[in-house]
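Engineer: The structure under discussion is supplied below as structure tokens; questions concerning it will follow.
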Amino acid sequence: MKLLNLVTDNYERKARLYPALVLIAPVIVTLLATISANLSAVQAFAAGIAACGGTFLLAQLARDAGKKREKDLFQDWNGLPSVAILRHRDPRLDSITKARYHKKLAALVKEAKAPSVSDEEADPVAADQVYTAWSNYLRVTTRDTKKYALLFQENVNYGYRRNVWGLRATGIIASAISGALAGARLFFINRASGKLDEGIFGACAFSVVILLLWVFRFTSDWVRIPANAYAERLVETVETTGGKAPATKKK
């Protein structure tokens, strides 16, 4: 991943950089509210260079945290949403539409014969292998982000939420510490001067709000919403896919 991509690439920026910024936002706000520094031009330039490197690192950490815990999500959800949606027992698609999708996918991926309802009931693992092959095929044939813009957007949404969720434990700690430090400083300033420092109060309130989001909003259920939406958009491409996977280069 190139550093420039964090700014120019839609997926890199939204799915990897933004979750990292959510993580450090309370810390930055607290520091800005509590520390005053006059930087020279050279110092400002050096700080900018350091910030670029730090941002790149944070984006990498956010991505790794999300990918590392992704298996936990799929286990809780009883499989990948893009695989589960193709199961006969999954209620998200009506039986007529699902039968049409199965028929076309079986024609496109000839090695993967469509399981019947009884086949799936008798051996759900074998059925999932077929659905996984179909799902992988669709992902390969829908990499054109302009042609499949809606699918790509749902992928970005999922990547963003997955990476935020992956940072959840660290985010809770960072927000709690930032809020506690800001609250302590607010208390001592008020006790010494009898005044309410609005900047410190704002930093404290911001940290508390972000902490509440980490605890109550940034959950696996929150991640599952765009994951399901991505699965729905992916199987819909069965209707428009050309039916040919990208050719591999001969060595």
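Engineer: Residue-wise, which Karplus ³J(HN,Hα) couplings in Hz belong to the stretch 164-173, taking 6.51 cos²θ - 1.76 cosθ + 1.60, θ = phi - 60°, and x for glycine or proline?
Structural biologist: Taking θ as phi minus 60°, the curve returns 4, 4, x, 8, 4, 4, 5, x, 4, 5 Hz for the stretch 164-173.
Engineer: A further question on this structure: How large is ³J(HN,Hα), in whole Hz, for each residue of the stretch 92-102 in order, when computed from phi with the Karplus curve 6.51 cos²θ - 1.76 cosθ + 1.60 and θ = phi - 60°, using x for Gly and Pro?
Structural biologist: Calculated HN-Hα couplings, in order: 5, 10, 5, 4, 5, 4, 5, 5, 5, 5, 4 Hz.
Engineer: List, in order, the whole-Hz ³J(HN,Hα) value for each residue of the stretch 61-68 obtained from phi through the Karplus relation with A = 6.51, B = -1.76, C = 1.60 and θ = phi - 60°; use x for Gly and Pro.
Structural biologist: Karplus-based 3J(HN,Hα) across the stretch 61-68 equals 5, 5, 5, 5, 4, x, 5, 4 Hz.
Engineer: A further question on this structure: Excluding TYR101 itself, what net charge comes from residues whose Cβ is under 11 Å from its Cβ, given Lys and Arg +1 and Asp and Glu -1? Write out the running numbers ahead of the final one.
Structural biologist: Details: positive: LYS98, ARG100, LYS103, LYS104; negative: ASP94, GLU236, GLU239.
Computed value for this residue: +1.
Engineer: Restricted to Cα positions, what overall size does the stretch 168-219 have along the principal axes? Three whole-Å values, descending.
Structural biologist: That gives 41, 14, 12 Å along the principal axes, largest extent first.
Engineer: Related question: Write down, largest first, the equivalent ellipsoid semi-axes of the stretch 110-180 in whole Å, where each equals the square root of 5 times an eigenvalue of the alpha-carbon gyration tensor.
Structural biologist: 38, 20, 8
Engineer: By count of other Cβ within 10 Å, fewest leading, how are ARG161, ARG217 ordered?
Structural biologist: Ordered by Cβ neighbours within 10 Å, fewest first: ARG217, ARG161.
Engineer: Here's another thing I want to ask about it. Which net charge results when you count Lys and Arg as +1 and Asp and Glu as -1 among the other residues whose beta-carbon is under 13 Å from that of LEU213?
Structural biologist: +3
Engineer: Would you mind checking LYS68/LYS104; LYS98/LYS146; LYS67/LYS147; LYS68/LYS98; LYS67/LYS113 for any pair whose Cα atoms are more than 28 angstrom apart?
Structural biologist: Over 28 Å apart, Cα to Cα: LYS68/LYS104; LYS68/LYS98; LYS67/LYS113.
Engineer: Radius of gyration and Dmax for the stretch 104-246's Cα atoms, expressed in Å?
Structural biologist: That works out to 24.3, 78 Å for Rg and Dmax.
Read-outs throughout are calculated quantities, based only on the coordinates presented, and are distinct from any laboratory measurement. From a predicted model like this one, the values you see are computed outputs, not experimental measurements. Cβ coordinates were reconstructed from backbone atoms using ideal geometry, including for glycine residues, and neighbour counts include every protein chain displayed.
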